[in-house]
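Taking it in order: structure first as structure tokens, then the write-up.
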Amino acid sequence: MKWLKVYGLPKLPLFLAKLAMRLGLPGPSWYKWKAAASGTGVILDEMIRAADDLGYDGQKIAKLAMTRIGEKQGTDLREQLGVKTMKDTVDVVMLANRFFDIEITLTEQKEGKYVINADRCPWFGGMGHEGVPGWDVKPCAAFSTYEKALVKAINPNVRLAYTEKRTTGGHTCRGVYQYRDKALGDGPAEGVQPEMVSICKKPKRAGGAGLGQA
């Protein structure tokens, strides 16, 4: 079978693409969902590279943007899904990952600790699927910042840490959920402060002229 291969998008059978083009069809719904998920990663990756080209720290800018998105989405998810426990938090974050077409499995579950593995994502690939060319540590770290902010907004006393990443040579992406304060557990966590993401200052060219100045 011949495939339509476009940068940053999942493969689509060529005959389906030609048929949709000829008949003016929007394309299969499953493809639109996967294309949207893949496109999110491409935009994140290119945003980092574009900022780097302009002399900024693209990774910090991306982390700040993804943190804000995670905080807002986490608040919406917590309020509308009635999240109360750590298990609720893990379930909601796994749901959010599936929105991005990320394949995750809960591999360990005990009191005060949950471990998840992500063996495939639309950007790095895995499990027989191709990823996006060039996807590496920077965009992956920015997306991880989004996940951490999501967790923080859903339950401020739950911390997400990564013990293994495929972008740094691991066999899987492993996330570990634990309480920040074990004694507090699933109770109120007003005293738990979020981890802030700082942004770099605009760099200056030699001679003191800022970017875009003559």
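Of all residues in the range 19-41, which are exposed (fewer than 13 other Cβ atoms within 10 Å of the Cβ) and either charged (D, E, K, R) or over 20 Å from GLU103 (Cβ atoms) (or both)?
Within the range 19-41, the subset exposed (fewer than 13 other Cβ atoms within 10 Å of the Cβ) is 19, 21-26, 29-30, 32.
LEU19, MET21, ARG22, LEU23, GLY24, LEU25, PRO26, LYS32 - these are the residues of the range 19-41 that are exposed (fewer than 13 other Cβ atoms within 10 Å of the Cβ) and either charged (D, E, K, R) or over 20 Å from GLU103 (Cβ atoms) (or both).
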Does ASP101 satisfy the condition of being outside any helix (DSSP H, G or I), touching a residue at least 40 places away in the same chain (Cβ under 8 Å) and within 17 Å of VAL176 (Cβ to Cβ)? no
Restricting attention to the range 137-151, the residues that are over 11 Å from the mean Cα position of the chain (by Cα), surrounded by 15 or more Cβ atoms within 10 Å (Cβ to Cβ) and farther than 30 Å from GLY185 by Cβ number exactly 1
Would you mind finding the one in LEU95, LEU77, LEU81, LEU44 that is open to solvent by 50 Å² or more (accessible area, probe 1.4 Å) and either touching a Gly at 6+ places or on another chain (Cβ under 7 Å) or over 20 Å from ARG174 (Cβ atoms) (or both)? LEU81
Does ALA96 satisfy being at pLDDT 95 or above, in a helix (DSSP H, G or I) and on the phi < 0 side of the Ramachandran plot? no
Go through the range 153-173 and count every residue that is part of a helix (DSSP H, G or I) and in contact with a helix residue (DSSP H, G or I) (Cβ under 7 Å, 6 or more places away or on another chain). 4
Just a yes or no: is a residue in the range 58-71 open to solvent by 60 Å² or more (accessible area, probe 1.4 Å), acidic (Asp, Glu) and touching a residue at least 24 places away in the same chain (Cβ under 8 Å)? yes
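Would you mind stating whether ALA20 is of a type in the set (A, V, I, L, M, F, W, C) and at pLDDT below 95? Quick ask: steps written out before the conclusion?
Values: of a type in the set (A, V, I, L, M, F, W, C): yes; at pLDDT below 95: yes.
Yes, satisfied.
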How about the range 152-162: which of its residues are open to solvent by 50 Å² or more (accessible area, probe 1.4 Å) and either touching a residue at least 40 places away in the same chain (Cβ under 8 Å) or within 19 Å of PRO122 (Cβ to Cβ) (or both)? TYR162
Six or more apart or on different chains, Cβ under 6 Å: which pairs go from a residue in the range 76-88 that's in contact (Cβ under 8 Å) with a residue 12 or more places away in the chain to one that's part of a loop (DSSP other than H, G, I, E, B) and open to solvent by 50 Å² or more (accessible area, probe 1.4 Å)? Could you list them? THR85/ASP186
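Does TRP30 qualify as being part of a helix (DSSP H, G or I) and among the aromatic types (Phe, Trp, Tyr)? Working first, answer last.
Working: part of a helix (DSSP H, G or I): yes; among the aromatic types (Phe, Trp, Tyr): yes.
Yes: the conditions hold for TRP30.
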Residue pairs meeting the criteria (Cβ under 6 Å; at least 6 apart or on separate chains; first among the aliphatic types (A, V, I, L, M), in the range 21-37; second open to solvent by 60 Å² or more (accessible area, probe 1.4 Å)): ALA35/LEU9
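The values are calculated or read from the model by the stated rules, or taken from the named source; none is laboratory data. On a predicted model such as this, the values are computed, not experimentally measured, just so you know. Note: ideal-geometry Cβ built from the backbone for every residue, glycine included; neighbour counts use all protein chains shown. Remember, those area values only see protein heavy atoms, side chains included, never the ligands or the DNA or RNA. Shrake-Rupley method; radii C 1.70, N 1.55, O 1.52, S 1.80 Å.
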